[in-house]
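Heads up, the thing below is written out as structure tokens.
The values are calculated or read from the model by the stated rules, or taken from the named source; none is laboratory data. Note that the coordinates shown come from a computational prediction; the quantities given were computed from them, not determined experimentally. Here the Cβ positions follow ideal geometry from the backbone for every residue, glycine too, while neighbour counts run over all protein chains shown. Only protein heavy atoms, including side chains, enter the accessible area calculation; ligands, DNA and RNA are left aside. Shrake-Rupley method; radii C 1.70, N 1.55, O 1.52, S 1.80 Å.
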Amino acid sequence: LVFTIWVSLASAQEFRQGFSLGYQEDIAGIVTLDVEELNAQVPFSFGVFVGYSYQFDSGNAEDARKIFINDATGGTIQKFGSAIILGADFRYGLSTGSDTELRLFAGPRGVLYQAHYAFLGDNEDFDVRSNQAGAAGGIQALIPVSERIDLSLSVGVAYYLPATLEGHGEFLYSPDGVDDNPRNSYTWEDADGAVNQPGLSFPVFFGFRWKL
């Protein structure tokens, strides 16, 4: 399979790079690299991307403090989340009878997530991290602007599997409970309820691609 994909990529007639902005866990941007015409008889293409997402609300800061740090209270809360997003897609082109091309896509996803919490004036500042695997699918529209440039709009659904949540100290919580090192009697369900790590989302991106 790997050899077949490598041969297909090597013989592809066109590479396109792109950049898109949109919504995933709040504001996100991605850089893409697409390989067109994997098969002359079947309208398949392949793409990979890497991106960054900023999350305005990373969860319940007071609960996260109790679960990962201590029972102290006080301070002005500052919280946000961020994630590095990785993905790959196989796409299948649909016949539209117009210049606009529609493609169905599906593929694996990965996300390196970090929630940040600070209690200003109370000398408390910490992060909670998780690394998650997932999958996504959806539909993409490509609108040609010129021979070398097209606009891209994609709408989809993504799901990331539950993953271990780890603070900057000694406490961590895993979904299966096997590798837990909990604080007091807290569980993974408590940690997951406090931290807004990615789960089910509906990413939307708009951008452009150019021929290399």
Qualifying positions in region 103-141 - surrounded by 19 or more Cβ atoms within 10 Å (Cβ to Cβ) and basic (Lys, Arg): Arg103, Arg109
Residue under evaluation Ser146, criteria (1) without any contact (Cβ under 8 Å) to a residue 24 or more places away in the chain; (2) closer than 30 Å to Asn70 by Cβ, criterion not met: (2)
Identity of the residue in region 66-93, more than 20 Å from the chain's Cα centre (by Cα) and open to solvent by 60 Å² or more (accessible area, probe 1.4 Å), that ends up farthest from Phe119 (Cα to Cα): Tyr92
Residues satisfying the stated conditions in region 66-82, i.e. assigned to a loop (DSSP other than H, G, I, E, B) and over 12 Å from Asn123 (Cβ atoms): Asp71, Thr73
Within region 142-173, considering residues that are in contact with a strand residue (DSSP E or B) (Cβ under 8 Å, 6 or more places away or on another chain) and hydroxyl-bearing (Ser, Thr, Tyr), the one surrounded by the fewest Cβ atoms within 10 Å (Cβ to Cβ): Tyr159
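To keep it simple, each residue is scored yes or no on (1) open to solvent by 60 Å² or more (accessible area, probe 1.4 Å); (2) touching a strand residue (DSSP E or B) at 6+ places or on another chain (Cβ under 6 Å).
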position	(1), (2)
Ala28	no, yes
Leu33	yes, yes
Glu36	no, yes
Ser53	no, yes
Glu62	yes, no
Residue match in region 203-212 (condition: modelled with pLDDT under 95, farther than 30 Å from Leu142 by Cβ and in a loop (DSSP other than H, G, I, E, B)): no
